[in-house]
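The structure appears right after this line, and notes come after that.
The values are calculated or read from the model by the stated rules, or taken from the named source; none is laboratory data. Keep in mind that this is a model prediction, so the values were computed, not measured. Glycine also receives a Cβ, built like all others from the backbone with ideal geometry; neighbour counts cover every protein chain displayed.
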Amino acid sequence: MPATSGERVGNERSSPQSQSASNLKINETWMQRPRVDAEASCKLKAKFNLNGYKSVEKKTVVVGGMFSVHKRLASADGNTTSEPVSSGCEGFNFRSFRWTQTMLFAINEINARTDLLPKTDLGYVIYDSCFTISKAVEGTLTYLTGQDEAVPNYRCGSGAPLAALVGAGGSDLSIATARILGLYYFPQVSYASSCSVLESQFQFPTFLRTIPSDVHQSTAMAHLVLHFGWTWVGTIASDDDYGKYGIKEFKEQVEEAGVCISFSETLPKRGSPEAIQRIVQTVLESTAKIIMVFSSDVDLSPLLDELLRQNVTNRTWIASEAWVTSAAIARHPGVQQVLAGTLGFGLHRADIPGLQRHLLGIDPYEHPLAEEFWERAFNCTLDYGRALRNAKARVARAAQETGNATAGQALARAVPEGLCSGQESLQRLNNTYTDVSQLRLTYSVYKSVYSVAHALHNLEDCEPGQGPFENGSCADISNFEPWQLMYYLKNVRFVVPHTGEKFEFKDGGVDGLYEIINWQINAEGEFSYVQVGFYNSTAPAESKMTINNASIIWNNGILEVPRSVCSEICQPGTRKGIRQGEPVCCFDCIPCADGEISNTSDARACIQCSEDYWSNANRDACVPKTIEFLDFGEPLGITLIVISAFGALVTLVICGVFLVHLGTPMAQVNDPLLSFFLLFGLVVTFLCSIVFLGEPQHWSCMTSQVALALGFALCLSSIMGKSAVLMLRARAAKQVRSAAKAAAKAAKAAAAAAAAASAQSPDVVQTAPPPPAPKEYVDALLPAHQRAIAVVCTLIQAVACTVWLCLLPPHPSKNMASQNIKIILECDPGNVVFISCVFAYDILLALLAFAFAFTARKLEDHFSEAKSITFGMLVFFIVWISFVPAYLSTRGKFMVAVQIFAILASSFGLLACIFLPKCYVLLVKPERNTMEEMKPRAKGRDASNTGTSASLTTSTTASTDLNATTISTVCDD
């Protein structure tokens, strides 16, 4: 228990200059109270089991240190029926022991210098935190107390003042110790605690560090991921503040940049085989090839064992500074197949002259930790009794196997098993402790000790009256307050020995300077740390990270940058399609729709092409749409022109034939002028089809439609004029036949009566009365009437077309809806109502002409013009009825071709059916071109009506007379 001379640490902590006078009064009042005997009122609750180095005798100032010389606490008995004992530690950590020796080396080097603290001899108290928070807290309380038994809030004894604590290693350890030290405003300088939480000067007012904050490291890792274009990564973090906050900062930055996290796992602090196996299974199942690991080497080791057991390869690991140069990881047996190609961020490397000599000169008998180090390094023991016991145990096992114990016991007494001589060569020992090729965190320890030393030097060199404290006062190096040293630490500036680095604290920390390290296998089959880049947090944004991609050797010895994406890059011409319920980095590449493009990779949406453009085959560029129209020069256009010209030429030839034979009976049948009108109309329809070809213009659109309408109107009105006369003649012939039948019937009756009278009176002769004289038939429609019908009907169409052209004329247009990839140049009718009325009028004329011709189809036997017109109109209707579905089922220029084919086919049909029979007579059978041949007989329903029966003389005579009358009328037109 502390003596009555012990001072309360809370009172020892004098207020800074900023502390108010009222607080000083309160402390003075409290100190004036009667002190209660500590022996009577205080009871020590526990005794801590701490290991470490201590040298405080005859020292001016004592510097504290805390290192994780062991990896974990030894298993403790959970029995609460007896007094609990502070747990011991196990799992010797050669790397941390090297850091411990570095602090000792730095203090000895400082004490030997004459230019730094020449009047001050530094002591030290160094504790082993065992990589656990509880031990770190024990060590902190014991250090503050000043004796082996910790008394919270008290400083016991009157030894050398405590300067600062260098430590406590891991971030979670430093957080625990910093909260305690901050209560007393006691300085703490950490060499390895990089957690971003420790940046808070409000929570940790006395915490300083010589290692960059993990904010810089997480940012550097994010830059690395983005530099290589990785969008699908996994993360593994140790279950402490270092891992959790480091990965949290990294994830925030990369996710903001569009990177997705495939999985995020946490390494348990104590070995848990089930948890480790689950993590490895997650790594195997994930498609992520890049895995970020924010952990210490101690926490990573169990995972590495399981990765090796399951042979997890083809992954690239990104290491944090805590394990990127850890020899415990790099020298793990068989690790090359798993961690080859690892990239990581290491602290600045330095060479410290004399350190290796100090490390190799350690005396195994000077301290229990050195003894334990020696035994672990050489796998032996310095304790003779323990060695003898080991030998006896080995002999006992051998005796059980062989049955001969006498010789074995003698051998065991002579040569104890595993006994160290203490003279083993550390120089030949190739392990983490002796490896000084990668002094990074070791250099950070070195700088931490020197920062405390320079702060003490500045405190010691203070000249009274020029000091930083009240009234220019200075602190006494042999009796100063922690907050006074804290002032000098925050403002310390010095040049690190041997390296020339200019060091100072910036807001309690240092700049983020990292070397980018690549694990490459050397000729001996071991890992070598190759620097391939550099990261500087103070540089401009575009030059913070520099990296030589060509110098990196990746996993499996390849030089090509590995890909780690959930989905491959969507090439131009496609867009991202998000998968429901999956991260945004997991998507499908959906081709752009017709008329849309994407000209960049990983496009989120496609761009609609403008009206006159369309997407190309790859959907990555808009190209002008193809202009399409039925051109004169293409084969189809030439063919149609030839057919049209041929039709017009044939029509003109027929016209010439009729002119040559104009005086013949065949040419004179049914008004020759109407025949010329019809031929002229056909010439117009043949030629107007040519106007449909070529690029539509205003004049061509109006000309083609109007010429077609007028041409067909003239043709159909001429045919209707001819058909009307034929229909009237057919009706007259029918009436004649009816009268003839009546006369024949009357004559028959009279003959019968006469025969009966003769039979009664043979001497009296009865004579039948003669038939009445037939009336001569005269056409109701004269040629002038026929011509008038043709002209008037055509004029009506002309008027309708004129109105159409004046109000809403046809005009060229671009049809973009019919075919997406083409712009079809066509003629817009202007108004559907007008074009419908115009061509409906032509249809009406055609129907009337057909009806008239069909009625007169049985008028004649030798030459029937009515039949020719009927067949011609049937062809006309068949063509145009077929035209409708054909026209609607075609697109583009072929619509014009179908329309022209319909015009030509209907025109050729009329020309062939109406004029081909006449031309045949005129040119081939001129002997039939006579008046007699033009006098066919009227048809009856049976042979008696044809006038060929000899039994009906009277009827035949009457019929012949009537037919003669009719035919004479036809020929005399």
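Being in a helix (DSSP H, G or I) and either on the phi > 0 side of the Ramachandran plot or touching a Phe, Trp or Tyr at 6+ places or on another chain (Cβ under 8 Å) (or both) narrows it down to one of F680, F686, F676, so name that one. It would help to see each step written out before you state the result.
Details: F680 fails: either on the phi > 0 side of the Ramachandran plot or touching a Phe, Trp or Tyr at 6+ places or on another chain (Cβ under 8 Å) (or both); F686 fails: either on the phi > 0 side of the Ramachandran plot or touching a Phe, Trp or Tyr at 6+ places or on another chain (Cβ under 8 Å) (or both).
After applying the criteria, what remains is F676.
May I ask you to list the residues in the range 689-700 that are within 17 Å of G637 (Cβ to Cβ) and either in a helix (DSSP H, G or I) or over 49 Å from the mean Cα position of the chain (by Cα) (or both)?
If we filter the range 689-700 for residues that are within 17 Å of G637 (Cβ to Cβ), which is where we start, we get 689-697, 700.
Scanning the range 689-700 gives S689, I690, V691, F692, S700.
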Go through (1) over 20 Å from Q797 (Cα atoms); (2) out of contact with any helix residue (DSSP H, G or I) (no Cβ under 6 Å at 6 or more places or on another chain); (3) not polar (S, T, N, Q) for F680 and report which single condition fails. (1)
Would you check if V532 is over 32 Å from the mean Cα position of the chain (by Cα) and β-branched (V, I, T)? no
For the range 49-67, which positions are buried (at least 17 other Cβ atoms within 10 Å of the Cβ) and in a loop (DSSP other than H, G, I, E, B)? L50, N51, K59, T60
Restricting attention to the range 616-637, which residues are buried (at least 17 other Cβ atoms within 10 Å of the Cβ), under 30 Å from Q697 (Cβ atoms) and at pLDDT 90 or above? C622
Do you know which residues across the range 549-566 are loosely packed, with under 13 Cβ neighbours inside 10 Å and hydrophobic (A, V, I, L, M, F, W, C)? A550, I558, L559
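Listed here are the residues, each with its yes/no results for (1) modelled with pLDDT under 85; (2) surrounded by fewer than 19 Cβ atoms within 10 Å (Cβ to Cβ).
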| residue | (1), (2) |
| --- | --- |
| K858 | yes, yes |
| D861 | yes, yes |
| L874 | no, yes |
| V879 | no, no |
| V884 | yes, yes |
| L888 | yes, yes |
| F908 | no, no |
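Residue check: is T651 surrounded by 14 or more Cβ atoms within 10 Å (Cβ to Cβ), of a type outside the set (F, W, Y) and either without any contact (Cβ under 8 Å) to a residue 12 or more places away in the chain or assigned by TED's automatic domain parsing to the domain that holds S689 (or both)? Can you show your working first?
Values: surrounded by 14 or more Cβ atoms within 10 Å (Cβ to Cβ): yes; of a type outside the set (F, W, Y): yes; either without any contact (Cβ under 8 Å) to a residue 12 or more places away in the chain or assigned by TED's automatic domain parsing to the domain that holds S689 (or both): yes.
Yes, satisfied.
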Scan the range 569-591 and report the pairs whose first residue is on the phi > 0 side of the Ramachandran plot and whose second residue is outside any loop (DSSP other than H, G, I, E, B), with Cβ atoms within less than 8 Å and a gap of 6+ or a chain change. G573/P591; G573/I597
Result of the Cβ filter at 8 Å on the range 49-60, keeping first residues that are under 16 Å from E372 (Cβ atoms) and in the same structural domain as S478 (by TED's automatic domain parsing) and partners that are β-branched (V, I, T) and not in a loop (DSSP other than H, G, I, E, B), at least 6 apart or interchain, is L50/T142; G52/V125; G52/I126; Y53/T100; Y53/V125; Y53/I126
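Among the residues of the range 892-932, how many are in a loop (DSSP other than H, G, I, E, B) and touching a residue at least 40 places away in the same chain (Cβ under 8 Å)?
As a first pass, look at the range 892-932 and keep what is in a loop (DSSP other than H, G, I, E, B): 892, 925, 929-932.
If we keep only those that are touching a residue at least 40 places away in the same chain (Cβ under 8 Å) as well, we get 892, 929-931.
So the count comes out to 4.
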Going residue by residue through the range 395-407, is there one that turns out to be touching a helix residue (DSSP H, G or I) at 6+ places or on another chain (Cβ under 7 Å) and at pLDDT 80 or above? no
So which of D214, D115, D172, D128 is closer than 23 Å to D476 by Cα and of a type outside the set (F, W, Y)? D115
It is to be established whether one or more residues within the range 567-584 are surrounded by 17 or more Cβ atoms within 10 Å (Cβ to Cβ), of a type in the set (V, I, T) and more than 11 Å from the chain's Cα centre (by Cα). no
Is there any pair linking a residue in the range 416-444 that is free of Cβ contacts under 8 Å to residues at least 40 places away in the same chain to one that is surrounded by fewer than 18 Cβ atoms within 10 Å (Cβ to Cβ) and among the polar types (S, T, N, Q), with Cβ under 8 Å and at least six apart or on different chains, and which? G418/N379
Pairs, first of a type in the set (G, A, S) in the range 290-303, second assigned to a strand (DSSP E or B), C-beta under 7 Å, six or more apart: S295/I236; S295/A237; S295/S238; S295/L267; S296/S238
Quick check on V736: is it at pLDDT 90 or above and in a helix (DSSP H, G or I)? no
If you take the residues in the range 811-838 that are among the β-branched types (V, I, T) and in contact (Cβ under 8 Å) with a residue 40 or more places away in the chain, which one is nearest to Q797 (Cα to Cα)? V838
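Filter the range 532-548 down to residues that are polar (S, T, N, Q) and free of Cβ contacts under 8 Å to residues at least 40 places away in the same chain and give me whichever is surrounded by the most Cβ atoms within 10 Å (Cβ to Cβ). Break it down into steps so the answer makes sense when it comes.
Initially, the range 532-548 is screened for residues polar (S, T, N, Q), giving 536-538, 543, 546, 548.
Now restrict to residues that are free of Cβ contacts under 8 Å to residues at least 40 places away in the same chain: 536, 538, 543, 546, 548.
Details: N536: 16, T538: 10, S543: 8, T546: 12, N548: 13.
Among those that are polar (S, T, N, Q) and free of Cβ contacts under 8 Å to residues at least 40 places away in the same chain, it is N536.
For the range 564-671, please list each of the strands (runs of 3 or more DSSP E) lying entirely inside it that holds at least 1 residues being under 30 Å from R315 (Cβ atoms) and of a type in the set (S, T, Y). Steps first, answer last, please.
Numbers: elements: 574-578, 587-591, 613-615, 622-624, 626-628.
Fully inside the range 564-671 and qualifying: 574-578.
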What pairs come out if I take residues in the range 266-284 that are touching a residue at least 24 places away in the same chain (Cβ under 8 Å) and assigned to a helix (DSSP H, G or I) and pair them with residues that are surrounded by fewer than 16 Cβ atoms within 10 Å (Cβ to Cβ) and hydroxyl-bearing (S, T, Y) whose C-beta lies under 8 Å away, six or more apart or interchain? none
Testing S598 on (1) buried (at least 19 other Cβ atoms within 10 Å of the Cβ); (2) of a type in the set (S, T, N, Q); (3) out of contact with any strand residue (DSSP E or B) (no Cβ under 8 Å at 6 or more places or on another chain), one condition comes back false. Which one is that? (3)
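Checking the conditions here, which among V683, V706 is in contact with a Leu (Cβ under 8 Å, 6 or more places away or on another chain), modelled with pLDDT of 90 or more and not hydroxyl-bearing (S, T, Y)? Please lay out each step first, then the result.
Numbers: V706 fails: modelled with pLDDT of 90 or more.
The conditions single out V683.
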When residues of the range 212-229 are filtered for being surrounded by fewer than 24 Cβ atoms within 10 Å (Cβ to Cβ) and assigned to a loop (DSSP other than H, G, I, E, B), how many remain? 3
